[in-house]
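Data block below; observations after.
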Amino acid sequence: MKLDMPTRLSPNTLALHWIVAIMMIGLLATGLYMAQTSTFGLYPWHKSFGVLIALFVVLRVAWRIRNGWPKPVGDYTSVEKLLAKLVHWLLIIGTVLMPVSGFMMSAMSGHGVPFFGFELFAHNPDPTNPQEVVALNATLAEAGHVLHRWGGYLLIGAVVLHVVGALKHHFVDRDGTLRRMLGTEVRVTS
Ligand code: HEM
Ligand code: HEM
């Protein structure tokens, strides 16, 4: 299996980065929209894609452990390197935390977790009023909710910093950081 090289990233790194990136941005946007507008029809889709992304996140973390992090393409200051590392760690931790907290909130609140039509974790109807649900563990449900909400806000901040960083490399430093993540072979100066 091909590993990353300083001049060219492996197909695994490229595929996992872009699959997770596109799904994460979609889930952050739909999550905020549906929670703020109470669009309950979107909830089963959000939960299903949220569980699906968890599978790619597991592969991605396993790949990072096997392959290590991509080496920087340029000779940057230690502050720049530290900031990039910090944001990459926030992004990876965020991609693990969001599916876990979302699952915990939905399962423990009694609303259940569907997965594209299948009931992955059953909902828990109220025996006296089957339209409503009863929490299995209200404390864990609330903890999941708080983590999911604040984790989501933190992640949006990290994604914005990350994209601004990628654009700065491309347009200001004019190095190959972004082109390498798009699959091009680049020159390395570090
Ligand atoms: C990487 C995966 C995920 C991301 C990035 C994500 C992101 C978000 C965001 C940003 C919100 C809005 C939070 C708020 O303003 O209250 C949200 C809401 C929500 N998410 Fe997720 N989510 C993910 C996975 C999941 C999963 C796996 C589940 C359940 C199995 C889930 C269930 C929910 C529910 C039920 C809400 C609505 C909460 C409310 O009504 O206050 N999410 N999500
Ligand atoms: C349009 C959006 C995005 C662009 C343009 C972009 C661009 C890039 C670039 C150029 C790199 C290489 C950095 C280097 O060589 O040191 C990178 C790495 C990385 N990106 Fe993104 N990215 C985007 C979205 C995201 C999102 C949404 C996430 C996760 C939530 C993410 C997570 C990561 C991580 C963890 C790395 C470190 C290397 C790796 O694990 O593959 N990115 N990104």
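For this structure, a couple of remarks:
- Some residue of segment 48-56 being more than 9 Å from ligand 1 (Cβ to nearest atom), under 17 Å from VAL188 (Cβ atoms) and exposed (fewer than 13 other Cβ atoms within 10 Å of the Cβ): no
- All of (1) within 12 Å of ligand 1 (Cβ to nearest atom); (2) outside any helix (DSSP H, G or I) hold for VAL188 with one exception: (1).
- Residue among THR95, THR128 that is under 30 Å from PRO70 (Cα atoms) and out of contact with any Ser or Thr (no Cβ under 7 Å at 6 or more places or on another chain): THR95
- Flag if GLY102 is part of a loop (DSSP other than H, G, I, E, B) and small (Gly, Ala, Ser): no
- Filter result for LEU16 (modelled with pLDDT under 95 and surrounded by 14 or more Cβ atoms within 10 Å (Cβ to Cβ)): no
- Only residues that are of a type in the set (A, V, I, L, M), in contact (Cβ under 8 Å) with a residue 60 or more places away in the chain and either closer than 30 Å to VAL73 by Cβ or in contact with a Pro (Cβ under 9 Å, 6 or more places away or on another chain) (or both) were counted across segment 9-40, and they come to 7.
- Hey, VAL113 within 12 Å of ligand 1 (Cβ to nearest atom) and either on the phi > 0 side of the Ramachandran plot or surrounded by fewer than 17 Cβ atoms within 10 Å (Cβ to Cβ) (or both) or not: no
- Filter result for the condition that a residue is under 21 Å from VAL61 (Cα atoms) and not aliphatic (A, V, I, L, M), over HIS170, HIS111, HIS148: HIS148
- Residue count for segment 36-51 under the criterion of being within 16 Å of ligand 2 (Cβ to nearest atom) and outside any helix (DSSP H, G or I): the result is 0.
- Only strands (runs of 3 or more DSSP E) whose full extent lies in segment 112-153 are considered here, and none of them has at least 2 residues that are at pLDDT 95 or above and touching a Gly at 6+ places or on another chain (Cβ under 6 Å).
- Of all residues making up segment 175-188, the number that are more than 10 Å from ligand 2 (Cβ to nearest atom) and closer than 9 Å to PRO72 by Cα: 1
- Residues that are loosely packed, with under 14 Cβ neighbours inside 10 Å and within 12 Å of ligand 1 (Cβ to nearest atom) occur in segment 143-152; there is at least one.
The values are calculated or read from the model by the stated rules, or taken from the named source; none is laboratory data. None of these values were measured; they are calculated from a predicted model. Glycine also receives a Cβ, built like all others from the backbone with ideal geometry; neighbour counts cover every protein chain displayed.
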